[in-house]
Structures are given as C-alpha cells and as structure tokens.
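Each remark here refers to the structure printed beneath this line.
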Amino acid sequence: MARRVAVVAGGHSKFGKRYDATMRELCAEAYKPIYDEGISQDKIDATVLSYAASQFTGQGAGSALIADYIGLQDKPHLRVESACTTGTASLRAAWGMVAAGLYDVMLVLGVEQMNRVSSATATEYMSQAGDMRWEYPFGISFPAFYALMASRYMHEYNMTHDTLAKIAVKSHHYGAQNPKAHLPKEVSFEEANNAIPICRPLNLYDCSLITDGAAAVVIAAEDRVKEFTDRPMWIKGIGAGASEMKIQDRTSLTSIPGAKRASKAAYEMAGLGPEDMQMAQVHDCFTIAELIAYEDCGFVEPGKGPEFVDNKENYITGRMPVNCDGGLKSKGHPLGATGVSMTYEVMKQMRGEAENASRQIKDVKHGFVHNVGQSGQFVNCFIFERGWS
Amino acid sequence: MVLMTEEKELYLGYASDKAMTPFMQKFLEALDGEKLMMSKCTSCGTEFLPPRQHCQKCLSECELQELTETEAKLHSYVIVDFAPESLSSKAPYVVAIGEFPSGKRLTAHITNLMGMPEVGMSLKLGYEHIDAKKLTYKWLV
Ligand SMILES: CC(C)(COP(=O)(O)OP(=O)(O)OC[C@H]1O[C@@H](n2cnc3c(N)ncnc32)[C@H](O)[C@@H]1OP(=O)(O)O)[C@@H](O)C(=O)NCCC(=O)NCCS
Ligand SMILES: [Zn+2]
C-alpha cells in the first residue's frame with residue numbers, strides 16, 4: 001500500500017507583468033517563504049520543476065538552471081510538461097515518487113515567464129499547442145478553442161454572454177482582494193459584458209491573463225510530516241483524464257470529457273463527493289471554461305451552470321465558493337505555475353490564512369482542484385483533506 | 001523529405017506546418033485539383049477526416065479516398081479578432097467546425113459571410129489557392 005502524502009508548506013510569488021524578474025528570480029521568490037518556515041535545501045530530497053513552454057524564454061533544460069539558482073544544485077530534479085496542467089502534473093509525479101518510497105520530501109515548483117514576448121507572439125506559441133497540421137494553419141488561438149465551446153454552449157442551452165460576464169465580475173471581485181493577483185481590480189457587469197472582442201463570443205474579460213509568476217509547495221511522506229508542520233494537508237484523491245487532440249473530434253463541446261473522467265476518479269479515490277467540498281479552484285482560463293467546470297466536477301447538472309452563476313452559488317456565501325483568489329482571470333495564469341498556485345490557495349484557505357481575511361472561506365475541511373491543459377487534452381483533479389481539527 | 005523535381009511545393013492553410021510527408025504531399029496534390037481526401041483504413045475500414053496515414057484504431061496504413069460529401073451544417077464557430085502573430089494581418093476571420101451528414105467534421109474558415117454565423121446554418125465546401133504554394137479547403141455559406 002502506498003504511503004500517505006501531505007502538502008506541508010507553500011510559497012507564492014507576486015503574479016503580474018514581472019519585468020523585474022525572469023524564471024529564476026520568480027522561483028526564488030516562491031521558495032523563500034518555504035525556506036523561512038525552516039524547510040531549507042538540505043531537507044529536500046528532490047524537485048519537480050514545472051513550466052509549460054521554453055519558447056517564451058529560450059532557456060533549455062530549465063530545471064537545472066532553477067535548481068542551481070535556489071541552492072538545490074546537488075539534489076535530483078526533473079521537469080514535467082503538459083501544457084496548462086503542468087503544475088498539477090508535477091504534483092502528481094512527485095506524489096507518486098513519495099508514495100512509492102523513492103523520496104520522502106519533495107519540492108514542486110511551478111513557474112512561467114510569458115511577458116518577454118508580445119501578446120501576439122505568446123498567442124502564436126500557444127496556438128502551436130493545437131494540431132500543427134490541421135488546426136494551426138487556420139489560426140486557432142487558445143481563446144478561439146474555448147470560443148468554439150462557448151458558441152456551442154450558447155446554442156444548446158440558450159445561454160447569453162451575461163452569464164460569462166457574471167463569472168468575470170466574481171473573479172475580479174475576489175482578485176481585487178488578493179495582493180498576489182496580476183490584475184487586482186473590480187470590474188462592473190457592464191464593463192465585463194461590453195469589453196473589446198478577442199475571439200467572439202469571448203471578449204477581453206472572458207480571458208485569463210498573460211502572466212509571469214511562480215508558486216511552490218513541499219510534500220512529505222506521512223512518517224516525516226511532523227518534522228515540518230502540525231497542519232498537514234493530505235492528498236486524498238487524484239484523478240487524471242485526457243480528451244481528443246482535435247477539438248472537432250469531441251462528441252460534445254459543452255463538456256470536457258477528460259475533466260469528467262478526472263473528477264470522477266478523484267472523488268472515487270478519496271471516497272468523497274462534490275457535496276463534501278467546501279471550496280474549489282477550477283481552471284478558468286476562460287469564463288466558459290469555469291462554467292463548464294462546475295458541470296464537469298459535479299457541482300451542478302449539465303446545463304445548470306448559468307443558474308448556479310445567477311444564484312451566486314460560486315461566491316464565498318454560496319454553495320461552492322469557486323476561485324476566491326481571483327482565478328486565472330484576475331490572479332493570472334502563468335501556465336506552469338497555475339496548478340501549484342491552486343494547491344497553494346487551498347492550503348492557505350484550509351489554514352485560515354487567505355491573503356486578505358475578507359476572502360477567507362470558513363472551515364475548509366476538503367478542497368477541490370481542477371486543472372485543465374490545452375482545451376482538455378490534459379486534466380488533473382485533486383482532493384485535499386485538512387489533517388488537523 | 002527531399003522533394004522530387006516533378007513535385008509541386010504545396011502547404012495547407014494560411015499559416016502552414018512545413019513538415020511534409022509523402023502522404024501529405026498526395027493529400028495536397030489532390031487539394032490542388034479541388035478534391036478533398038479523407039482516408040480509410042486498409043485493414044478495418046475506419047474512415048478519417050482529416051485523413052491520417054495510420055488508423056487510430058488498429059495502426060494499419062490508410063489510403064486516401066475522395067470525400068463525396070460537399071454540404072454540411074455549422075457545428076460551432078468563432079470569430080477570431082485577436083489572432084496569433086502569423087495571422088495578425090488576416091484578423092478578424094471566422095473559423096467553423098462543419099459537420100457533414102455522415103457525421104464527419106472539418107475545421108476551416110468561412111470566407112464569404114455577410115452577417116453573423118449561426119450554429120446549424122448550411123455550409124458548402126470550397127477551395128482556395130492562397131498563393132503559389134499555399135492552398136486550402138474552406139467553408140462557403
Ligand atoms: C486577451 C489578450 C490577448 C489581451 O492581451 P493584450 O491585448 O496584449 O493586452 P495588453 O497586455 O496590451 O493590455 C491592454 C490592457 O488590457 C488589460 N488586459 C489585458 N489582458 C486582460 C485580460 N485577460 N482581462 C482583463 N484585462 C486585460 C491590461 O491590463 C491593459 O489594461 P490598461 O490599458 O488599463 O493597462 C491576452 O490577455 C490573452 O491572450 N489572454 C489569454 C491567455 C491564454 O490564452 N492563456 C492560455 C489559456 S489555456
Ligand atoms: Zn484500422
């Protein structure tokens with residue numbers, strides 16, 4: 001039987017357009033609070049480094065560079081890549097190594113530096129994660145993949161853009177209360193509903209940000225946890241899923257099949273259901289992605305997402321607070337850091353240490369993470385459990 | 001691969017993947033003659049659009065066959081206002097997934113829309129020579 005594994009510490013850089021830093025400095029910023037808590041380099045057995053695209057920086061073999069920069073040059077490290085799920089894929093890989101007994105204590109470090117190229121170039125690089133032969137030639141950017149889902153969702157369920165704008169308003173409401181957020185400002189419904197079009201039906205406020213940032217967590221095997229904390233967050237369930245490469249090949253565009261499989265597997269492993277969660281971090285790379293996530297993760301029935309939004313069930317006061325750190329929309333989306341940042345946020349909420357008490361969720365025993373890569377080709381879901389009373 | 005002298009240098013779409021294979025070369029030569037090819041597995045008979053050289057199910061070789069369907073319904077669409085750098089000068093453009101009566105789908109631009117696209121609207125398959133080397137299939141309304 002595998003050993004139990006817990007998240008015992010975390011760190012997070014400021015997200016934003018970070019012209020004052022590159023990957024290495026961002027990683028140092030994310031590891032520093034962990035070091036300050038007493039988890040110095042000598043206590044870490046190995047590192048998994050997570051960044052999605054080397055095109056943004058030109059740096060090859062980045063895990064060597066970063067391990068060296070933060071003083072882990074003599075400890076094993078490797079890089080994991082699976083688009084925007086790179087962060088949780090790294091956590092999944094590290095969990096496996098610790099659960100199996102290969103290492104006791106591992107650092108999972110997620111980072112992306114996206115703003116040293118223009119938005120058009122960043123959009124170009126990301127579009128190359130579509131099928132280079134059959135999709136890329138038609139200029140299908142990431143917002144475009146999700147706009148294809150939005151158009152279909154609007155058609156099948158009679159949804160209007162109002163629903164999507166309400167999700168953006170919610171994300172910015174919480175992002176405005178998060179000092180780590182990239183764009184910490186409130187937006188009005190009118191602003192969010194009438195912003196400039198990016199990939200119609202999606203506009204500027206439907207899109208996540210192009211962000212520089214890093215996040216880190218340390219995981220430890222159950223017999224070592226006490227050395228680091230009396231507040232361990234257990235990794236209770238992990239589920240992963242995948243979907244067809246070409247978006248046209250999906251039987252449905254109103255759901256991500258891999259996300260349904262991933263969430264189901266995570267609930268099964270944990271022996272828990274959506275009703276047992278007090279909060280969720282979902283992959284809102286676009287507002288439509290957040291809407292679909294409510295349904296794929298079982299918070300609501302298919303087609304009922306808009307009602308969930310209208311009733312503000314996704315707010316702290318609602319049935320399932322979602323992305324109360326601002327999400328990818330307002331906190332930002334440095335691809336490789338995102339899944340680690342989601343994990344960090346669940347840990348902070350569980351500890352009652354949300355940065356800004358105004359967005360603290362009460363008494364979190366279980367938290368859910370849903371992290372999607374590309375348009376659903378990769379999905380990881382995690383269920384975390386509070387290890388103290 | 002090294003191109004034979006009699007082979008035309010052809011690429012698909014507006015921003016092309018330059019990695020060519022003999023199979024893709026044949027697909028593009030047919031497209032040059034305004035024929036859209038799908039592929040059919042020589043072992044289990046499964047059909048693929050767009051074509052694949054290897055069957056997704058049994059990994060056997062597929063052969064190219066002309067698609068006989070030309071009329072489709074719009075399954076979903078996007079109007080790309082902010083484009084990847086390689087297509088910046090072309091924006092805004094409409095990308096649509098069209099579905100043929102057989103259920104096969106194809107992703108391409110709609111190039112002659114006057115109003116807004118609508119899910120369910122009728123589409124017709126068309127062709128375009130973008131320049132001397134680039135060509136594409138497309139949707140017309
Ligand atoms: C939508 C997008 C193209 C806008 O980029 P841009 O036009 O280059 O924007 P800029 O960086 O020049 O910023 C212009 C203004 O818009 C704001 N802005 C940029 N992106 C924004 C976003 N996503 N939401 C809200 N505001 C945004 C900026 O803060 C800036 O405001 P200011 O003028 O008040 O300072 C870009 O944010 C994007 O591509 N997002 C999606 C990222 C993505 O696909 N990630 C992968 C997901 S799987
Ligand atoms: Zn076959």
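Coordinate-derived values only; no laboratory data. Since the model is a prediction, treat every value here as computed from it, not as a measurement. Cβ coordinates were reconstructed from backbone atoms using ideal geometry, including for glycine residues, and neighbour counts include every protein chain displayed.
Brief remarks on what is shown
- Globularity index of the stretch A:251-389 is 0.96 (Cα radius of gyration / 2.2 N^0.38 Å, N = number of residues).
- Over 20 Å apart at the Cα level, from the set A:Lys304/A:Lys362; A:Lys260/A:Lys304; B:Lys35/B:Lys124; A:Lys32/A:Lys236; A:Lys32/A:Lys75; A:Lys166/A:Lys331, are A:Lys304/A:Lys362; A:Lys32/A:Lys236.
- Within chain A, the whole DSSP H helices whose Cα atoms reach 15 Å or more along their own axis and whose mean Kyte-Doolittle score is at least -1.0 are A:23-36, A:86-100, A:142-157, A:161-175, A:257-270, A:335-350.
- 4 °C / 1.567 mPa s Stokes-Einstein diffusion coefficient of the stretch B:10-141, Kirkwood radius on C-alpha pairs, µm²/s: 83
- Residue by residue along A:185-198, Cβ atoms of other protein chains within 10 Å of the local Cβ number 1 on average.
- Ordering of A:277-285, A:315-323 by packing [mean C-beta count within 10 Å, highest first]: A:277-285, A:315-323
- Considering every alpha-carbon pair of the stretch B:71-140, the percent of pairs per 10 Å bin, from zero through the bin containing the longest distance, is 20, 50, 27, 3.
- Take each residue in B:93-106, count the other chain C-beta atoms within 10 Å of its C-beta, and the mean is 3.
- Within straight-line reach of A:Lys17, meaning a Cα separation under 12 Å, sit the following aspartates and glutamates at least 8 residues removed in sequence or on another chain: A:Glu112, A:Asp212.
- Dipole in debye (nearest 20) - the stretch B:9-66, about Cα centre, beta carbon charges: Lys, Arg +1; Asp, Glu -1: 240
- Cβ-based exposure ranking for A:Phe368, B:Phe48, in which fewest neighbours within 10 Å come first: B:Phe48, A:Phe368
- Peptide B:11-20 shows a mean partner chain C-beta count of 4 within 10 Å per residue C-beta.
- Sorted from greatest to least, the principal axis extents spanned by the alpha carbons of the stretch A:187-269 come out as 53, 34, 22 Å.
- Taking the average, over residues, of other Cβ atoms within 10 Å as the packing measure, peptides A:174-185, A:202-213 rank A:202-213, A:174-185 from highest down.
- Inter-label distance, nm, simple model (7 Å from Cα along the C-beta direction), A:Tyr19/B:Thr111: 4.1
- Lysines whose Cα lies under 20 Å from that of B:Lys90, excluding same-chain neighbours fewer than 8 positions away: B:Lys18, B:Lys133, B:Lys134, B:Lys138
- Ranked by the mean number of other Cβ atoms within 10 Å of their residues, highest first, the peptides A:156-163, A:42-49 come out as A:42-49, A:156-163.
- For chain A, the Rg and Dmax computed from alpha carbons only, in angstrom: 19.2, 57
- Size descriptor for the stretch B:9-66, Kirkwood hydrodynamic radius: 11.8 Å (Cα pairs only, one decimal).
- For A:Ile210, residues with placed amide H under 5 Å, excluding near neighbours: none
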